[in-house]
1. Out of 60, 25, report the one residue that is in contact (Cβ under 8 Å) with a residue 24 or more places away in the chain, farther than 14 Å from residue 81 by Cβ and open to solvent by less than 50 Å² (accessible area, probe 1.4 Å).
2. Go through (1) at pLDDT 95 or above; (2) farther than 21 Å from residue 48 by Cα; (3) out of contact with any Pro (no Cβ under 9 Å at 6 or more places or on another chain); (4) open to solvent by 40 Å² or more (accessible area, probe 1.4 Å) and name the single condition residue 164 misses.
3. Just for the range 133-150: of the residues that are of a type in the set (S, T, N, Q) and outside any loop (DSSP other than H, G, I, E, B), which one is surrounded by the most Cβ atoms within 10 Å (Cβ to Cβ)?
4. Given (1) within 30 Å of residue 35 (Cα to Cα); (2) touching a strand residue (DSSP E or B) at 6+ places or on another chain (Cβ under 9 Å), where does residue 133 come up short, assuming only one miss?
5. Hey, residue 34 hits all of (1) open to solvent by less than 40 Å² (accessible area, probe 1.4 Å); (2) over 19 Å from residue 136 (Cα atoms); (3) not in a helix (DSSP H, G or I) but one; which does it fall short on?
6. Polar (S, T, N, Q), open to solvent by 70 Å² or more (accessible area, probe 1.4 Å) and either within 20 Å of residue 95 (Cβ to Cβ) or at pLDDT 95 or above (or both): is that true of residue 127 in this structure?
7. Which of the residues belonging to the range 97-113 are assigned to a loop (DSSP other than H, G, I, E, B) and either in contact with a helix residue (DSSP H, G or I) (Cβ under 7 Å, 6 or more places away or on another chain) or surrounded by fewer than 14 Cβ atoms within 10 Å (Cβ to Cβ) (or both)?
8. Can you tell me how many residues in the range 73-83 are out of contact with any Cys (no Cβ under 9 Å at 6 or more places or on another chain) and buried (at least 16 other Cβ atoms within 10 Å of the Cβ)?
Amino acid sequence: PDRSPPIVKDTAYDASYNTGGTPRCLYIKNTSRAQADSRLAPDVEGRVIVLVNDTRYGGCAGTFSVSYTGSSGAEVQAHEFGHSFGRLAAEYDYGRTGSSTGPEPSQANITKDSTGKAKWPLWLGYNGISAFQGAGYYKTGLWRPKSNCLMRALNVPLCEVCDEQIVKQAYVTVNPIEN
């Protein structure tokens with residue numbers, strides 16, 4: 001929709017770039033059909049991903065984690081899955097002006113606490129975990145646990161705080177100890 005003339009292709013879930021006015025935000029509009037289709041797959045327990053067969057870089061997350069299938073598609077999908085399933089925040093420090101002044105974020109991987117003690121006290125000092133300013137699209141006012149993580153940039157692993165959150169989210173739907 002952001003090209004002139006617009007490029008339109010008929011996709012199963014009405015996938016589109018420029019969602020929310022961000023050119024690289026690739027998401028789906030037909031979420032009801034995607035939900036119905038996901039119910040046909042056994043044991044997905046809310047872990048639904050959508051791959052859009054396109055080479056243009058893009059991805060976004062909401063109920064679903066959506067990504068393109070180009071050269072960085074797997075990394076983008078892992079990042080978006082962190083948002084949709086792990087309920088992790090973006091650790092970017094760009095996109096919004098000023099400093100974050102809102103309440104404490106609900107996501108495990110960003111905080112208003114400049115020490116990091118409010119959210120990841122047990123991890124502090126381990127493998128580079130500290131509090132690094134710049135997260136949640138702000139340069140100031142929010143801190144992230146590691147200087148770099150997949151929730152900030154591609155081609156790096158998730159940090160330990162994000163890994164832990166993914167495991168905690170898995171335990172919401174899966175009993176780790178079975179009879």
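1. So the residue among 60, 25 that is in contact (Cβ under 8 Å) with a residue 24 or more places away in the chain, farther than 14 Å from residue 81 by Cβ and open to solvent by less than 50 Å² (accessible area, probe 1.4 Å) is 25.
2. Unmet condition: (2).
3. Taking the candidates together, the pick is 133.
4. The failed condition is (1).
5. All conditions pass for residue 34, except number (3).
6. Working: polar (S, T, N, Q): yes; open to solvent by 70 Å² or more (accessible area, probe 1.4 Å): yes; either within 20 Å of residue 95 (Cβ to Cβ) or at pLDDT 95 or above (or both): yes.
Answer is yes for this residue.
7. 97, 98, 101, 102, 103, 104, 106, 108, 109
8. Number of matching residues: 7.
The values are calculated or read from the model by the stated rules, or taken from the named source; none is laboratory data. The structure presented is a predicted model; accordingly, all values stated were derived computationally and were not measured. All Cβ positions, even for glycine, are placed from backbone atoms using ideal geometry, and neighbour counts span all protein chains on display. Protein only, heavy atoms only, side chains kept; ligands, DNA and RNA dropped before computing areas. Shrake-Rupley method; radii C 1.70, N 1.55, O 1.52, S 1.80 Å.
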